[in-house]
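Student: Just passing along the structure, written as structure tokens.
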Amino acid sequence: MTPTPEHRNGEIHRRTLGRRTALKLPALLTASAAASRLPRASAETGRWSAERAHTWYRSQGWLVGANYITSNAVNQLEMFQAATFDRRRIDSELLLARRIGLNTVRVFLHDQLWAQDRNGFARRLAQFVAIAARHGIRPLFVLFDSCWDPFPKLGRQQPPRPGVHNSRWVQSPGAEYIADPRYRHVMRDYVTGVLKQFRNDERVLGWDLWNEPDNPANQYRAVERKDKFDRVAELLPQVFRWAREVAPVQPLTSGVWDGDWDPARRNTIVRIQLDNSDVVTFHNYGDADEFDARIDELQPLGRPIMCTEYLARGFGSTIEGVLPVARRRNVGAYTWGLMSGKTQTHLPWDSWEKPYTAPPDVWFHDLLRLDGQPYRDGEIRAIRWLTGRGGPA
């Protein structure tokens, strides 16, 4: 979900766009009950050995998927809130995902959904997993996220800003609660509660604990916390510890996305991510050569590797270019976007600077149109061929 970098010759240039003043969040602290009892610690609760990680990875087959949000949801809150959770649409869209050759989706959750109504949220998650399983799709769930709007708010979500890429996506936990020690109980309950629900359920692929934790969300620079990096660096190891206490059968990870991954030059958060992940995950929106080079940087870690975000056609990150490399390197790969919809991620990142008044000549992200037809037939043929599902979709 890397927002607004401009890749040219492997370099990333961030753009800055302050947008609005902070919104007031509802008080959610009263929704947190006392922390539930956790499994007794054992050797199993530590980071997986490289051998265990490789054994797990070999048993999955080649993982090919997409980041998924229902086409009628503007963000992760709208997708999973009771009033807008759309089982029929999930069923029809995941059926399309399977037909084009995908076997997994990466799906974003949110702590406020847990704090508001943990039982209802758990039921909706169970429904989602059951629907996905019927189509042979396993979700990789994302628990926290540092991208975009730092002031998430429950309830009816604002409509998308016309012509703007991902204009209503929200951070989790958000600026108001990221440094509130009282809210740690909510966060811990959320992590352990969601993982406990599926800790032995192999229909769930894994747990991506924090998306791009060191992303500065430059589009919201005017209202971002100045101490966000420090607060996330303090929280991320705790999130890994909370998840470890549950000892799920699925691996834990948090994907690196920017900067230098060399051991001598990693920043604090990248070091935490790579030192704690059972399987290594990364994001890359560059061309096939850059994608291949990033894999080379991570291979010395000696663990399975998955790219949990790629596909930016305007930057040379394409299905036909990247996916064959992923197959050759045995790297799992998730496009950004399955369906074109309210997130408007078919529009480029630069739409934040100048909103588009007409569809772009070349879509940025996303594979399928709202009616389920491919944006590009050749891309779908490539996916099906590379995943062994050749023939008409």
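The numbers here are math on the coordinates, done by the rules we state, and not lab data. Note that this is a predicted model, so its numbers are computed, not measured. Every residue, glycine as well, gets a Cβ built from its backbone with ideal geometry; the counts of neighbours run over all protein chains shown.
Student: Please report the projected area of the range 250-393's Cα convex hull averaged over all directions, in nm².
Tutor: Quarter of the Cα hull surface area: 10.2 nm².
Student: If a/c stays under 1.5 just call it rounded; otherwise compare a/b with b/c (prolate if a/b is bigger, oblate if not). Do that for the range 210-305, with a ≥ b ≥ c from the square roots of the Cα gyration tensor eigenvalues.
Tutor: The shape class here is oblate.
Student: Restricting to Cα pairs below 8 Å that are 6+ residues apart, what does the relative contact order work out to for the chain? Please round to a whole percent.
Tutor: 23 percent
Student: Would you pull out the residues with amide H under 5 Å of R138's amide H, same chain only if 5 or more places away, H placed 1.01 Å from N?
Tutor: Amide H to amide H, under 5 Å and 5 or more residues apart or across chains, R138 pairs with T104, V105.
Student: Using only Cα atoms, locate the centre of the range 43-73 and the centre of the range 163-189, then give the distance between them in Å, rounded to an integer.
Tutor: 24 Å
Student: Right, another one. Only helical DSSP H runs with n ≥ 4 go in: add -39500 (n - 2.57) per run for the chain, normalise by residue count and round the 222 nm mean residue ellipticity to 500 deg cm²/dmol.
Tutor: Rounded to the nearest 500, the figure is -10000 deg cm²/dmol.
Student: Another question, if that's okay. Label-point separation (nm) for K354 and R161, each offset 7 Å from Cα along Cα-to-Cβ?
Tutor: Result: 1.6 nm between the two label points.
Student: Got a sec? How would W48, W207 order by Cβ neighbour count within 10 Å, fewest to most?
Tutor: W48, W207
Student: Further question on the same structure: Fewest to most neighbouring Cβ within 10 Å: what's the order for H365, H54, H283, H346?
Tutor: H54, H283, H346, H365
Student: OK, next. How do L63, L125 line up, fewest other C-beta atoms within 10 Å first?
Tutor: Result, fewest neighbours first: L125, L63.
Student: Moving on to the next point. Work out how much length R221 to N330 would gain on full extension: take 0.36 nm times their residue separation and subtract the Cα-Cα distance, in nm to one decimal.
Tutor: Gain in length upon complete extension: 35.5 nm.
Student: In the neighborhood of P360, defined by Cβ-to-Cβ distances under 12 Å, what is the net charge if each Lys or Arg adds +1 and each Asp or Glu adds -1?
Tutor: So the environment of P360 carries a net charge of -1.
Student: Taking the range 238-320, which chymotrypsin sites (Phe, Trp or Tyr not before Pro) meet the DSSP loop condition and have no more than 15 other C-beta atoms within 10 Å?
Tutor: none
Student: Could you tell me the center-to-center distance, by alpha carbons, between the range 106-157 and the range 236-314 in angstrom?
Tutor: Here the two parts' Cα centres lie 22 Å apart.
Student: What list of ³J(HN,Hα) values in whole Hz, one per residue of the range 362-368 in order, does the Karplus curve 6.51 cos²θ - 1.76 cosθ + 1.60 (θ = phi - 60°) give from phi, with Gly and Pro shown as x?
Tutor: 10, 4, 7, 10, 6, 9, 10
Student: Follow-up. Under the Karplus relation 6.51 cos²θ - 1.76 cosθ + 1.60, θ = phi - 60°, what is the ordered set of whole-Hz ³J(HN,Hα) values for the range 373-382, x standing for Gly and Pro?
Tutor: 7, x, 5, 9, 4, x, 5, 5, 4, 5
Student: Once the Cβ-Cβ distance between A130 and D180 is put in as r, and R0 is 30 Å, what FRET efficiency do you end up with, to the nearest 0.05?
Tutor: It comes out at approximately 0.30.
Student: What's the ranking of 160-173, 130-143 by average number of surrounding C-beta atoms within 10 Å, highest first?
Tutor: The peptides rank, most packed first, as 160-173, 130-143.
Student: Only Cα pairs within less than 10 Å get springs; with that Gaussian network setup on the chain, which residue of N218, N119, N67 has the largest fluctuation?
Tutor: N119
Student: When a/c is below 1.5 the answer is rounded, else prolate if a/b is larger than b/c, else oblate, so apply that to the range 172-220 with a ≥ b ≥ c taken from the square roots of the Cα gyration tensor eigenvalues.
Tutor: Oblate, since a/c reaches 1.5 and b/c is not below a/b.
Student: Suppose we keep just the DSSP beta bridges with both residues in the range 47-386; what percent of those would be antiparallel, to 5?
Tutor: Close to 10 percent.
Student: Based on the Cβ-Cβ distance of A83 and Q373, what FRET efficiency does E = 1/(1 + (r/R0)^6) give at R0 = 25 Å, to the nearest 0.05?
Tutor: 0.30
Student: Is the shape of the range 47-386 rounded, prolate or oblate, going by the alpha carbon gyration tensor and its root eigenvalues a ≥ b ≥ c, with a/c under 1.5 for rounded and a/b larger than b/c for prolate?
Tutor: Because its axes are fairly even, with a/c under 1.5, the range 47-386 counts as rounded.
Student: Oh, and also: FRET efficiency for N72 and R265, Cβ-Cβ distance as r, R0 = 56 Å, nearest 0.05?
Tutor: For N72 and R265, the calculated efficiency is 0.85.
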